Amino acid sequence: MLPIDRLDHWRRERRGLAGRSLGLVPTMGTLHDGHASLIERSVRENEVTVVSVFVNPTQFDQDADLAHYPRTLDADRRLAEKLGADYLLCPQGREIYPDGYAYKVSESSFSHKLCGAHRPGHFDGVLTVVLKLLLLTRPQRAYFGEKDFQQLELVRGMVEAFLLEVEIVACPTVREADGLAASSRNRHLTPAERELAREFPRLLSSPETPEEVVRQLEARGFVVDYVDELRARRLGAVRLGAVRLGAVRLIDNVALESVYPEKTPITPTPGENP
Ligand code: PAF
C-alpha cells in the first residue's frame, strides 16, 4: 500500500490507473470496525481501493471538537494495508483548501435538519470535502456508512445534483458487542459513560414514541439533541459528559420497520392474494 500526502504525487499515480475500477473510502482516520467493513467491501468490488484520511476542519463547528478529534495515522496505515487497500491518501489542509474555503457546497433544506440544526455549517464542510475527494480520485464507487445516515443522504443528493458519475454504496452500521455503533468518538468515553452509552441504541430501537425515548434518555443523564423519524428511519443524537469540555456526541439510527414491526405495511408479492 502506498501512503501519499501530496496531491501532485497522487495525480501522477491516478493517471497510471486509467481503465481500472477504483473504490474510494473517505475517512477522517482513527479507523475502526465500521471503516474496516467499508474498506473490505471496496477491496472486493474494485481493482483499486483508495482510503483517504483527512480530518476536515470545515465540518467542525467547535474548535475544541477539532482539537480533541483522535488522530492515529500509524495504526490507520497498518489496518488499511492489512485489509488490502492500495493507497492511503492523507492530503494537507492547505492543498485541499487552496481558496481558504471561500468556495463551498451548500444544500438548502435537509442539511439544516437533525444534526445540521445543532451543528451550523457542518454539512457544508462535509459536502465540500467529499466533492473535492471525488474530483481528486474519480472513483467508480464511494463507500459510506449508514450510521451517518443524514450525511449519506446528502452525499447521494449532491451526486445527483451535480451529475457526478459515481455510485454511492451504503454499508450497514457496524455495532460493538453491546449494540453501540462503532465510532471514532467512542474512545473518548470514560468507562462510566461507555456503560451508559449502550442504553442509547437500546432505547432508540424501542417501540416507544420518540418523545418517550427522549424522556427516558434524559432521565438517564443524556443531553438529547434530537430523536426524530423521517425517511423510514428513527434517528437520534445525544451528548454525554456535557458539563466538561469536549462532551462526546453520539449519533445513531435504525430502520423504522425494526422499531414498529407490527405497523410495517405488508407488500403482497405479485400474483398473491393480499
Ligand atoms: O464520515 C466521515 O468520516 C466524514 O464526514 C467524511 C465523509 C470523511 C468527510 O470528511
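No lab work stands behind these numbers, since they all come straight from the coordinates. Source: prediction; values computed, not measured. Every residue, glycine among them, receives a Cβ derived from its backbone with ideal geometry; neighbour counts consider all protein chains shown.
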* Asked: For segment 184-259, what percent of Cα pairs sit more than 14 Å apart?
  -> 56
* Kirkwood-based Rg over Rh for segment 1-101 (C-alpha set), two decimals? -> 0.98
* **Pairwise label distance in nanometres, Leu135 with Thr72, each label 7 Å out on the Cα-Cβ vector** => 3.3
* Asked: Counting DSSP beta bridges with both partners in the chain, what percentage is antiparallel, nearest 5?
  -> 45
* To do: Taking the convex hull of the Cα atoms, report for segment 62-159 its projected area averaged over all directions, in nm².
  => 7.5
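For segment 1-86, which GluC sites (Glu not before Pro) pass both filters: DSSP loop (anything but H, G, I, E, B) and at most 13 other C-beta atoms within 10 Å?
Counting only loop positions with at most 13 other Cβ atoms within 10 Å, the GluC sites (Glu not before Pro) in segment 1-86 are Glu47.
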* Value of D in µm² per second that Stokes-Einstein yields for the chain, Kirkwood Rh from Cα pairs, at 10 °C (1.306 mPa s) -> 80
* Choose one of Val259, His35, Cys90: the residue whose Cα lies farthest towards the positive end of the charge dipole of the chain (beta-carbon charges +1 Lys, Arg; -1 Asp, Glu; about the Cα centre). => Cys90
* Asked: When the chain is fully extended, how far beyond the present Cα-Cα distance does Glu195 get from Ala177, taking 0.36 nm per residue of separation?
  -> 5.3 nm
